[in-house]
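Read through the structure below, which is laid out as structure tokens, and then see the notes.
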Amino acid sequence: MSFLLDKERIRKFDLLRLVYFLTFLFSFALTEIGRYIYRPYIYENNINDFGIADSMGNLGGIAVQIFFGLSILNPGRKKGKYLIGFFTVGYIVYEFLQPYLPKGTFDWKDIYGTVLGAAFSLLVFLIIHALRKTKK
């Protein structure tokens with residue numbers, strides 16, 4: 001697991017770790033708003049949102065997981081990208097295993113939600129690092 005962990009950075013508290021943690025909290029809040037406000041509204045009004053409401057758990061959940069992991073492990077840029085890939089692949093593998101798990105169902109919309117959420121998370125991650133680089 002050393003490709004994801006850096007023993008020196010994991011002990012270090014810095015502004016980057018704080019930004020990751022605040023992004024995690026913001027992602028969590030948006031995901032819960034999506035689940036408990038957006039999704040019921042879409043379903044009650046029969047609005048076609050191209051499956052966003054259906055995949056809200058994966059779409060937002062992957063961002064929550066990524067930024068929580070980043071805030072805990074505090075990796076550098078390269079290891080951060082590996083971590084994002086690790087979580088994304090994990091979510092996709094888990095979705096393919098769903099039919100074999102109790103009460104699990106496979107849904108392509110969850111795969112799309114995971115990929116979109118991970119791409120958005122990667123974009124936010126790169127923006128954070130670009131802003132950090134310009135401030136130095």
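No lab work stands behind these numbers, since they all come straight from the coordinates. Note that the coordinates shown come from a computational prediction; the quantities given were computed from them, not determined experimentally. Backbone-built Cβ (ideal geometry, glycine too); neighbour counts: all protein chains shown.
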Nearest-ten-degree value, helix 77-97 long axis tilted from longest Cα axis of the chain:
20
Counting only other residues whose beta carbon sits under 14 Å from that of Ile37, what net charge do I get with K and R as +1, D and E as -1?
-1
Candidate lysines - alpha carbon under 19 Å from Lys79, same-chain residues fewer than 8 apart omitted
Lys7, Lys12, Lys133
Calculated FRET efficiency, Ile72 and Tyr94, Cβ-Cβ r, R0 22 Å, to nearest 0.05?
0.65
Add +1 for every Lys or Arg and -1 for every Asp or Glu among the other residues with Cβ under 10 Å from the Cβ of Asn74, and state the total.
+2
Report the trypsin sites (Lys or Arg not before Pro) located in region 1-50 that are in a DSSP loop and have at most 14 other Cβ atoms inside 10 Å of their Cβ, or state none.
Arg11, Lys12
Where a label projected 7 Å from the Cα of Phe26 along Cα→Cβ would reach, residues of region 105-124 with amide N under 19 Å:
116-124
Ordered by number, the chymotrypsin sites (Phe, Trp or Tyr not before Pro) in region 21-69 that occupy a DSSP loop and have at most 16 other Cβ atoms within 10 Å are Phe50
